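Reading through the structure tokens given below for one structure.
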Amino acid sequence: MWLRFANGAQVLHAANAPVIVATGRNKPLPVGAYLPYREAGNTLHVWNWSKSPTSRIFKEVPLLPYDNFALSPDGKTLVRADGRVLDLETSAESKIGLGGEFHYAGHYHEHTRIAKIPRITSLEFTPDGKRLLVRLDDLDLRPSDHPLRERDMVKKPILQLVAFPSGCLLCELPAGIAIAYSHDQRSVFIATERMWQCPTARSVC
């Protein structure tokens, strides 16, 4: 199966299933469709080419071009950075506590949009679909060397391994340049200046 999207469209492929999710217009799209971004729309489309060459659309579920979300390896579940969980087979919705997508969600003041401060920058399922690896920007207040400032706000990227669907935090590590999982799925390895090992199984979760 193949689809052609212009740059900027959101597209994810399930690791172990013939399923793709993407943004699209508010009507079904066939396999092989070319969709310029200006015509893409903000509606969730799901293709399962083992069942149909045409997408299934979720008319009431917006999917914006820069939303952060993860697709489970079996292609049955979509999780957003704000904690919303969508069952792609039944359309049932639920929540998982991920701590919030933003440190500060912003607001309007006299018709001016105050910028959001992102917290979660990406998330993905582990290969077994039982955990989420969440990359986030932690905020660290540090003394400033500027004479007019007391502190500087510094972003510190970290990774959190979270049990799914309970939301239990398994461990927290510095964000690295490479991620690998052990064959038995019990450990995830993060490469930074050194190799970190994070156990993925804990009795409390």
Check: In the list Leu123, Leu136, Leu98, Leu132, which residue meets the criterion of being among the aliphatic types (A, V, I, L, M), farther than 30 Å from Ser55 by Cβ and at pLDDT 85 or above?
Finding: Leu136
Notebook entry, point to check: Restricting attention to segment 37-53, and to residues there that are farther than 19 Å from Leu78 by Cα and in contact with a strand residue (DSSP E or B) (Cβ under 8 Å, 6 or more places away or on another chain), which single residue is modelled with the highest pLDDT?
Noted result: Pro53
Checklist line | Enumeration of residues in segment 141-155 that are basic (Lys, Arg), at pLDDT below 85 and either closer than 29 Å to Thr126 by Cα or not in a strand (DSSP E or B) (or both) | finding: Lys155
Next item on the list: Report yes if some residue within segment 69-88 is assigned to a loop (DSSP other than H, G, I, E, B) and either modelled with pLDDT under 85 or more than 29 Å from Pro118 (Cβ to Cβ) (or both); otherwise report no.
Entry: no
Check: Are any residues in segment 41-65 in contact with a Gly (Cβ under 8 Å, 6 or more places away or on another chain) and either part of a loop (DSSP other than H, G, I, E, B) or aromatic (Phe, Trp, Tyr) (or both), and if so, which ones?
Finding: Gly41, Ser55, Pro65
Notebook entry, point to check: Does at least one position in segment 177-196 carry a residue that is loosely packed, with under 12 Cβ neighbours inside 10 Å, among the charged types (D, E, K, R) and modelled with pLDDT of 80 or more?
Noted result: no
Next item on the list: Just need a number here: residues in segment 1-34 that are farther than 21 Å from Leu123 by Cβ, modelled with pLDDT of 65 or more and not charged (D, E, K, R).
Entry: 10
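The values are calculated or read from the model by the stated rules, or taken from the named source; none is laboratory data. Everything quoted here is computed from the prediction, not taken from an experiment. As a convention, Cβ positions derive from the backbone with ideal geometry for all residues, glycine included, and neighbour counts pool all protein chains shown.
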